[in-house]
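Asks: Sharing a structure here in structure tokens format.
The values are calculated or read from the model by the stated rules, or taken from the named source; none is laboratory data. Since we're looking at a predicted model, the values are computed, not measured. For neighbour counting, all protein chains shown are included, and Cβ atoms are generated from backbone atoms with ideal geometry for every residue, glycine included. Note: accessible area is taken over every heavy atom of the protein model, side chains too, but ligands, DNA and RNA are not part of it. Shrake-Rupley method; radii C 1.70, N 1.55, O 1.52, S 1.80 Å.
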Amino acid sequence: MRRHHSVEKVGGTSMAATATLFDNVLIAGRSGGDLYNRIFVVSAYAGMTDLLLENKKSGEPGVYGHFVDDDDAGAWRAAMERVRAAMRARNAEMFARPESRAEADRFVDARVDAVAACLDDLARLRSHGRFSLKDQFVTVRELLAGIGEAHSAHSTALLLCDRDVNARFVDLTLWDEDDVRSLDARIEEAFAAIDLRTTLPIVTGYAGCEGGMVRRYARGYTEMTFSRIAVLTGAREAIIHKEFHLSSADPKLVGERWARKIGRTNYDVADQLANLGMEAIHPGAGRGLRQSGIPLRVRNSFDREDAGTLVTGDYVSDVPRVEIVTGLRQMQALQFFEQDMVGVKGYDAAILAALTRHKLWIVSKSSNANTITHYLSANAAAVNRAAAELQDQYPDASITAQPVAMVSVIGSDISRPGLVTEALRALDAAGVPMIAMQHQIRNVDVQFLVAPRDFDTAVRALHKVLVEDGALVEDEAAPAEDRRAA
């Protein structure tokens, strides 16, 4: 039975803006019973998981990276101390009440010391030379990942209690537990005795469970926890709080004046965004919400009064329109040409098997009588390794890879007549040569493949003609050069 509560996820950047988070999200003017019937699933504070695992963007190693490399016995220990110092510094910024800060610091020390002791034990085993720890590295990664969310959830619950809110720290990290149950079983046990009418649960985004969250979902594990809690507790709505609105394009590219909040869309669009690597919602998390009929709302943590963008399963815009222009700046196009392919089965399956073995993310693909092209979100080295394997298997084939960028125009219904023609004209006028184009029958997206150097120009050109020129703007009299400068 559907209840009356919401399940809400807070991202790392929003978590780090603690005062704003309390003013706009956690408290936001509420008092008494209005504070409850909400469940919050929290990410680690911004930058903390980077220190624990590795920097998501640069790849700079954290504790995990140093431990696996084993270049210097003291490197991972120093990295762990940096984590401790960062968490204590965060506590110092947040807590005004000395007793609460001391409790938060004790919690951090206990977690860091215990994990460091585990790694010390593994390091001693490795030093003997007879033990291979390769199989244990996944467990180490899982263990480290949970520290960040445990810290943020514990501190947030403490801060709420200091404000006379009946908050409860819900630790799903499997700390000091021997059994590894399914994610669903762990969630159901945790919430069995919680009365949401009088208690505000603050839940770790990481959950220790069968199969491993990081192994299965990489850095998207928090959204999976969030989604399963919403489904299993029968939430009326799932809400993600981010540091930005879900907008019609990156405001840094098209200008904040011209980027528009989407407002309404559907899960089909959310899937397209996830496929392009946009941080709207993990595709697995969206699937569970969609199947359970739970609407998803994406809100801006820094815009308290705005309702954000509502994502539902059945929404279709009243008038066909483009809702967002986005894409991938760096991709690889793997082209497989074989003259003898015509009428022969098996080529496609062999290519897919090779891409799977090399763990390459397929964004899109196309084919004709003798050519199959896969557009991959991967670096050139990884794609070249897959191409070399295929070349060995098919010595007569011509297999090439080249860097490309993809700009995708997406909407719940983009069947507006002339849309593709307008887009092609806009790209031509902007001096952007098109390498390829994909237009799906479902009329949810059109993908334009261009050179990586033309990505920014293509996004601006397509956004202007398909979004800006198709809606009222605040200053229609502004000269064209002023609009582009904005």
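Asks: Go through region 88-126 and count every residue that is open to solvent by less than 40 Å² (accessible area, probe 1.4 Å) and either assigned to a loop (DSSP other than H, G, I, E, B) or touching a Pro at 6+ places or on another chain (Cβ under 6 Å) (or both).
Replies: 1
Asks: Across region 376-429, what is the total count of residues that are in a loop (DSSP other than H, G, I, E, B) and of a type outside the set (S, T, N, Q)?
Replies: At the first step, the residues of region 376-429 found to be in a loop (DSSP other than H, G, I, E, B) are 378-379, 394-397, 411-412, 414-418.
Checking which are of a type outside the set (S, T, N, Q) leaves us with 378, 394-397, 411, 414, 416-418.
Here the count works out to 10.
Asks: Looking at Ala333, Ala353, which one is touching a residue at least 40 places away in the same chain (Cβ under 8 Å) and either more than 28 Å from the chain's Cα centre (by Cα) or closer than 30 Å to Leu273 by Cα (or both)? Let's see the steps before the verdict.
Replies: Details: Ala353 fails: touching a residue at least 40 places away in the same chain (Cβ under 8 Å).
The unique qualifying residue is Ala333.
Asks: Mind listing just one residue for me: the one in region 29-48 that is within 20 Å of the chain's Cα centre (by Cα) and free of Cβ contacts under 8 Å to residues at least 40 places away in the same chain and, of those, farthest from Ala19 (Cα to Cα)?
Replies: Among residues in region 29-48 that are within 20 Å of the chain's Cα centre (by Cα) and free of Cβ contacts under 8 Å to residues at least 40 places away in the same chain, the one farthest from Ala19 (Cα to Cα) is Gly47.
Asks: Farther than 18 Å from Ile281 by Cβ and modelled with pLDDT of 95 or more: which single residue out of Tyr36, Tyr64 fits that description?
Replies: None of the others qualify; the one that does is Tyr36.
Asks: Has region 220-237 got any residue that is under 30 Å from Val465 (Cα atoms) and hydroxyl-bearing (Ser, Thr, Tyr)?
Replies: Of region 220-237, the ones under 30 Å from Val465 (Cα atoms) are none.
Taking every residue of region 220-237 in turn, none turns out to be under 30 Å from Val465 (Cα atoms) and hydroxyl-bearing (Ser, Thr, Tyr).
Asks: Any residue that is without any contact (Cβ under 8 Å) to a residue 60 or more places away in the chain, crowded, with 18+ Cβ neighbours inside 10 Å and under 20 Å from Ser6 (Cβ atoms) - is there at least one of those in region 313-323?
Replies: Within region 313-323, not a single residue is without any contact (Cβ under 8 Å) to a residue 60 or more places away in the chain, crowded, with 18+ Cβ neighbours inside 10 Å and under 20 Å from Ser6 (Cβ atoms).
Asks: Right, something else. Identify the single condition in (1) open to solvent by 40 Å² or more (accessible area, probe 1.4 Å); (2) free of Cβ contacts under 8 Å to residues at least 60 places away in the same chain; (3) farther than 19 Å from Asp456 by Cβ; (4) under 14 Å from the mean Cα position of the chain (by Cα) that Ala270 does not satisfy, given that it satisfies every other one.
Replies: Going through the list (1) open to solvent by 40 Å² or more (accessible area, probe 1.4 Å); (2) free of Cβ contacts under 8 Å to residues at least 60 places away in the same chain; (3) farther than 19 Å from Asp456 by Cβ; (4) under 14 Å from the mean Cα position of the chain (by Cα), Ala270 breaks only (1).
Asks: Right, something else. On the basis of being farther than 30 Å from Arg260 by Cα and in contact (Cβ under 8 Å) with a residue 40 or more places away in the chain, does Asn384 make the cut?
Replies: In short, no.
Asks: Where in region 238-357 are the strands (runs of 3 or more DSSP E), entirely inside, with at least 1 residues that are over 30 Å from Ala401 (Cα atoms)?
Replies: Values: elements: 264-266, 296-300, 309-312, 324-337.
Where strands (runs of 3 or more DSSP E) fall fully within region 238-357 and carry at least 1 residues being over 30 Å from Ala401 (Cα atoms), they are 264-266, 296-300, 309-312.
Asks: Same structure again: Give, as residue ranges, the helices (runs of 4 or more DSSP H) completely inside region 182-234 that count at least 3 residues that are surrounded by fewer than 24 Cβ atoms within 10 Å (Cβ to Cβ) and free of Cβ contacts under 8 Å to residues at least 40 places away in the same chain.
Replies: 183-191
Asks: Something else about it: Yes or no: region 414-423 includes at least one residue that is hydroxyl-bearing (Ser, Thr, Tyr) and in contact with an Asp or Glu (Cβ under 9 Å, 6 or more places away or on another chain).
Replies: The answer is no; no qualifying residue exists.
Asks: Working only within region 412-435, note down all residues that are open to solvent by 50 Å² or more (accessible area, probe 1.4 Å) and either of a type in the set (Asp, Glu) or on the phi > 0 side of the Ramachandran plot (or both).
Replies: Glu422, Asp428, Gly431
Asks: When residues of region 436-456 are filtered for being in contact with a strand residue (DSSP E or B) (Cβ under 7 Å, 6 or more places away or on another chain), modelled with pLDDT under 95 and open to solvent by 50 Å² or more (accessible area, probe 1.4 Å), how many remain?
Replies: Looking only at that region, the number is 1.
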